[in-house]
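A short write-up of the structure that comes next.
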Amino acid sequence: MAAKLKKGDKVVILTGKDKGKEGEISSVNPTVGKAVVDGLNLAIRHTKQSQGNQGGRISKAMPIALSNLALVDANGKATRVGFRMEDDKKVRFAKTTGDAI
C-alpha cells in the first residue's frame with residue numbers, strides 16, 4: 001500500500017494526551033504502522049551515563065499509530081490523503097482542498 005504520510009509531513013494528532021498539537025514527522029515505520037513526530041508523545045527514559053552522553057532522565061519522542069495522525073492542509077486544518085494520477089504519475093492530494101501535496 002502506498003504511504004499516505006511521509007517523513008517531513010506536517011501533521012496534527014487526533015487522539016491521546018497530545019490531541020490537537022501539530023508537528024513534523026521525523027521517521028515512519030510502515031511495517032508497524034507508526035510514526036515519530038518531533039517534540040510530541042514524549043516519554044521519560046532513564047539512561048546510564050556513558051562517554052557519549054550525560055545520562056539521567058531524558059525525554060524521548062515515542063512512536064504514534066498512523067491512524068491517530070492527520071495531515072495539515074494549506075488552510076491549517078486536518079485532512080485525509082487521497083491519490084490520483086497526474087501525467088502518468090501517482091500524486092498525493094489533500095481531500096479538503098484538492099491540492100497536490
Checklist entry - Hey, can you rank 60-70, 84-94 by average C-beta count inside 10 Å, highest first? => result 60-70, 84-94
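Charges at C-beta only: +1 for Lys and Arg, -1 for Asp and Glu. How large is the resulting dipole of the chain about its Cα centre, in Debye rounded to 20? Intermediate values should be presented prior to the final figure.
Working: 19 positive and 10 negative charges, 91 e Å.
For this selection, approximately 440 debye.
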Next on the checklist: Given the options VAL91, VAL81, GLN54, identify the residue whose Cα lies farthest towards the positive end of the charge dipole of segment 27-101 (+1 on Cβ of Lys, Arg; -1 on Cβ of Asp, Glu).
Outcome noted: GLN54
Next on the checklist: On the principal axes of its Cα set, how long, how wide and how thick is the chain? Give whole Å, largest value first.
Outcome noted: 54, 27, 20
Item to check | Whole-Å distance, taken between Cα centres, linking segment 10-47 and segment 65-90 | outcome: 17
Next on the checklist: Which of THR96, THR31 has the fewest other C-beta atoms within 10 Å, and how do the rest follow up to the most?
Outcome noted: THR31, THR96
Checklist entry - Just going by the charge dipole of segment 10-75, with Lys and Arg at +1 and Asp and Glu at -1 on Cβ, which of ALA70, ILE25, ILE44 is farthest out on the positive end? => result ILE44
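Values in this text are rule-based calculations from the coordinates and carry no lab data. In this text, all values refer to a predicted model and were calculated from it rather than measured experimentally. Neighbour counts are summed over all protein chains in view; Cβ atoms, including those assigned to glycine, are modelled from backbone coordinates with ideal geometry.
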